[in-house]
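Undergrad: Here you go, one structure.
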């Protein structure tokens, strides 16, 4: 794993994210975001929570300009995102990886080939067309698979994997881009609790080991509190909470979710804190194994 520790392309420089007075209005007139002012520092693990339709995905996708803001300014690292076009935008997006709920893998090729596909945009056009990967690219792909504990499935076809395994492959493929930032849009929404934990462990590991910023939309409040260091609450396109995970309480959740708040009581906060401590210990042990 020496590559991750030494390579300067893995988030060792400053790629902060800054929204200033950002608004997003869709063509139909619907407001997606209203007066968003946020700063996320390099290496943070941030969870965005809120009801469906509150603006979580809209906010997330402004970072790599899938959603273009209507007004205000957005800077990511050294880039003014509003100004990025064509080639500059394509190059920028190689540094901002995104993991979707739907995996987006190629079913009939191997796990390893899926991960190697992330290297295609950085390859010479002829090599890219023929699929001629360098020895360094292949070795790095293996490292990415090992990082998220899916190396043993390197030669399996993607379609033969479980949902949790597929999502870890999707994360490994994103790592192979050598990103500064990883965006995760409901990455465990379709997974059972055991598979969800394995995927979230992968996000936390790369965040802690490689200082890669993780910005994740999460439907489950308990997972957000167990993994993220910072919680952003969004309601009807407005930021209504932004603080460390341990500042979240029932009043905060009621403000974010209103009457649609799922049953969550003080005992669950205690249990969530206990699980968080266990998870952090497990991740610290894994980090020691890699070093």
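Undergrad: Can you tell me which residue among 72, 29 is loosely packed, with under 14 Cβ neighbours inside 10 Å and not in a helix (DSSP H, G or I)?
TA: Matching residue, one of 72, 29: 29.
Undergrad: Another one. State whether the residues of the stretch 195-205 include one that is crowded, with 18+ Cβ neighbours inside 10 Å and assigned to a loop (DSSP other than H, G, I, E, B).
TA: No, the stretch 195-205 contains no residue that is crowded, with 18+ Cβ neighbours inside 10 Å and assigned to a loop (DSSP other than H, G, I, E, B).
Undergrad: Scan the stretch 209-226 for residues that are more than 18 Å from residue 164 (Cα to Cα) and out of contact with any helix residue (DSSP H, G or I) (no Cβ under 6 Å at 6 or more places or on another chain) and report the count.
TA: So the count comes out to 4.
Undergrad: Here is a follow-up. Evaluate the stretch 161-171: report whether one residue or more is outside any helix (DSSP H, G or I), under 19 Å from residue 113 (Cβ atoms) and modelled with pLDDT of 90 or more.
TA: The first filter runs over the stretch 161-171 and keeps only residues outside any helix (DSSP H, G or I), leaving 161-162.
Adding the requirement that they be under 19 Å from residue 113 (Cβ atoms) leaves 161-162.
If we keep only those that are modelled with pLDDT of 90 or more as well, we get 161-162.
Yes, the stretch 161-171 contains a residue that is outside any helix (DSSP H, G or I), under 19 Å from residue 113 (Cβ atoms) and modelled with pLDDT of 90 or more.
Undergrad: How many residues are touching a helix residue (DSSP H, G or I) at 6+ places or on another chain (Cβ under 8 Å) and closer than 19 Å to residue 227 by Cβ if we restrict to the stretch 247-268?
TA: Number of matching residues: 6.
Undergrad: In the stretch 184-194, which residues are surrounded by 24 or more Cβ atoms within 10 Å (Cβ to Cβ) and over 18 Å from residue 276 (Cα atoms)?
TA: 184, 187
Undergrad: Name the one entry in 98, 49, 40, 109 that is in contact with a strand residue (DSSP E or B) (Cβ under 8 Å, 6 or more places away or on another chain), closer than 25 Å to residue 148 by Cα and either without any contact (Cβ under 8 Å) to a residue 12 or more places away in the chain or surrounded by fewer than 18 Cβ atoms within 10 Å (Cβ to Cβ) (or both).
TA: Just a single option satisfies the conditions, and that option is 109.
Undergrad: Right, here's the next one. Would you call residue 248 surrounded by 20 or more Cβ atoms within 10 Å (Cβ to Cβ) and farther than 23 Å from residue 163 by Cα?
TA: yes
Undergrad: Please list, ordered by first then second residue, the pairs with beta carbon atoms under 6 Å, 6 or more apart or interchain, first in the stretch 74-85 and within 22 Å of residue 44 (Cβ to Cβ), second modelled with pLDDT of 95 or more and exposed (fewer than 10 other Cβ atoms within 10 Å of the Cβ).
TA: So the pair list comes out empty.
Undergrad: Check off (1) modelled with pLDDT of 95 or more; (2) in contact with a helix residue (DSSP H, G or I) (Cβ under 7 Å, 6 or more places away or on another chain) for residue 232 and give me the number that stays unchecked.
TA: (2)
Undergrad: Considering each residue of the stretch 43-62, count those that are outside any helix (DSSP H, G or I) and either within 19 Å of residue 241 (Cβ to Cβ) or at pLDDT below 95 (or both), and give that number.
TA: Of the residues in that region, 12 qualify.
Quick grid of which residues meet (1) under 27 Å from residue 238 (Cα atoms); (2) more than 24 Å from the chain's Cα centre (by Cα); (3) not in a helix (DSSP H, G or I):
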residue	(1), (2), (3)
254	yes, yes, no
264	yes, yes, yes
272	yes, no, no
275	no, no, no
280	no, no, no
286	no, no, no
289	no, no, no
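Undergrad: Working only within the stretch 83-95, note down all residues that are crowded, with 16+ Cβ neighbours inside 10 Å and farther than 25 Å from residue 136 by Cβ.
TA: The initial filter retains those residues of the stretch 83-95 that are crowded, with 16+ Cβ neighbours inside 10 Å, namely 84, 92-95.
Answer for the stretch 83-95, where residues must be crowded, with 16+ Cβ neighbours inside 10 Å and farther than 25 Å from residue 136 by Cβ: just 84.
Undergrad: Shifting gears a bit: Here are 218, 225: which of them is closer than 23 Å to residue 61 by Cα and in contact with a strand residue (DSSP E or B) (Cβ under 6 Å, 6 or more places away or on another chain)?
TA: Criteria check complete, one pass: 218.
The values are calculated or read from the model by the stated rules, or taken from the named source; none is laboratory data. Since the structure is predicted, the reported quantities are computational estimates derived from the model, not experimental observations. Cβ: placed from backbone, ideal geometry, glycine included. Neighbour counts: every protein chain shown.
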